[in-house]
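The structure appears right after this line, and notes come after that.
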Amino acid sequence: MRQIVVLSGKGGTGKTTVSASFALLAKKAVVADCDVDVPDMHLLSHPEIVKKQEFRGSKLAIIDGSKCIKCGLCQRECRFEAITQNFTVDPFSCEGCGVCTVVCPVNAITLMERISGYVYISKTKYGFLVHARLNPGEANSGKLVTMVRLNAKLLAEEENIEIIIIDGPPGIGCPVIASVTGVDAGLVVTEPTMSGIHDLKRVLRLLAHFNVRPFVCVNMYDLNVNNAEKILDFCKENGIKVVGKIPFDAKVTEAMVAEKTIIEYSPESDAAKEIVAIWNRICEELGLGEASAKH
């Protein structure tokens, strides 16, 4: 089984556009949308949910009114001001840190797990999609990403599917780390801006730390050819494989509005042709066989 993660230094670089196109080109793959804070793969894949699973990633303090002596220690020690004047817990302020349970002299406070989101297994026109939604204000997205990846791996094993395509979160934080550990390759989608170059270097350092083979593609490279050349030069100097340069193409925006991948919407467009070429190059590099370029 091979796992490929698609990353970017920030949001909006075209990561999901590329991931969704790969899902279509792979023909038989499990897709894992690990951008659980702001998932959007479902917008292009139109999933039909077949399984829903609760995610309990955080805790909430509960005060037993029959035991509480209203001493005020929990109020004084709670740095999040989650204990109200009536000695109840504001669920929107409580971080589940547990300080109140430690200072309570009569053991009137306990921590209870609460539902922080949901994990879904769905069928799409591309195959299987494992995705999730984190409830507003909830944390522990790294833990939720791990849960998504585990479900994707188990599903791939059950269905005898050899490829998992991971649409990773942007940046280099905890959810990204949970997305890249143990994968075979990481494709970094960057753009020809100064911030794009800076973010690319950070993501590549992260992949190197976890010993993940890196690939790079420059999206909308022709908007600033000079910066695109700087990216290509940097990758060449550091022995990093550049698998493609996607030109700016208004058809990509039209495809998103139509809720389709660019491969479906306009297969003869310049952007679609380059994404197909990128997928074939990655397949060749990883020994996955040649992907079909006609849909």
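All of the numbers you see were taken from the coordinates with simple rules; none came from a lab. These numbers were taken from a predicted model, which means no experiment stands behind them. Cβ coordinates were reconstructed from backbone atoms using ideal geometry, including for glycine residues, and neighbour counts include every protein chain displayed.
Counting only the backbone N, which residues of the stretch 159-177 are under 17 Å from the spot 7 Å out from the Cα of ARG213 toward its beta-carbon?
Hits in the stretch 159-177 for ARG213 at 17 Å: 162-166.
Past 22 Å, Cα to Cα: identify those pairs from LYS201/LYS251; LYS230/LYS251; LYS10/LYS123; LYS15/LYS245; LYS59/LYS143, in the order given. Please list the in-between numbers first.
Details: LYS201/LYS251 29 Å; LYS230/LYS251 26 Å; LYS10/LYS123 28 Å; LYS15/LYS245 14 Å; LYS59/LYS143 14 Å.
Beyond 22 Å: LYS201/LYS251; LYS230/LYS251; LYS10/LYS123.
Per the helix-only calculation at 222 nm, which mean residue ellipticity applies to the chain, given -39500 (n - 2.57) for every DSSP H run of n ≥ 4 and division by its residues, nearest 500 deg cm²/dmol? Please list the in-between numbers first.
Working: 11 runs with 109 residues, N = 295.
About -11000 deg cm²/dmol.
Enter the mean projected area of the convex hull around the alpha-carbon atoms of the stretch 58-114, in nm², rounded to one decimal.
Working: hull surface 13.3 nm².
Mean projected area of the Cα convex hull: 3.3 nm².
Report the FRET efficiency, 1/(1 + (r/R0)^6), for GLU81 and THR181, where r is their Cβ-Cβ distance and R0 is 41 Å, rounded to 0.05. Write down the numbers at each step before the final one.
Working: r = 36 Å, r/R0 = 0.88.
Efficiency, rounded to the nearest 0.05: 0.70.
For the chain, what are Rg and Dmax over the alpha carbons, in angstrom?
22.5, 73
If each residue's Cβ is checked for other Cβ atoms within 10 Å, how do THR17, THR110 rank with the fewest at the top? List each step's numbers first, then the result.
On the way: THR17 25, THR110 15.
Placing the least packed residue first, the sequence is THR110, THR17.
How would ILE164, ILE177, ILE115, ILE63 line up from fewest to most surrounding beta-carbon atoms within 10 angstrom? Numbers along the way, then the final one.
Numbers: ILE164 24, ILE177 16, ILE115 12, ILE63 21.
Fewest to most other Cβ atoms nearby, the residues stand as ILE115, ILE177, ILE63, ILE164.
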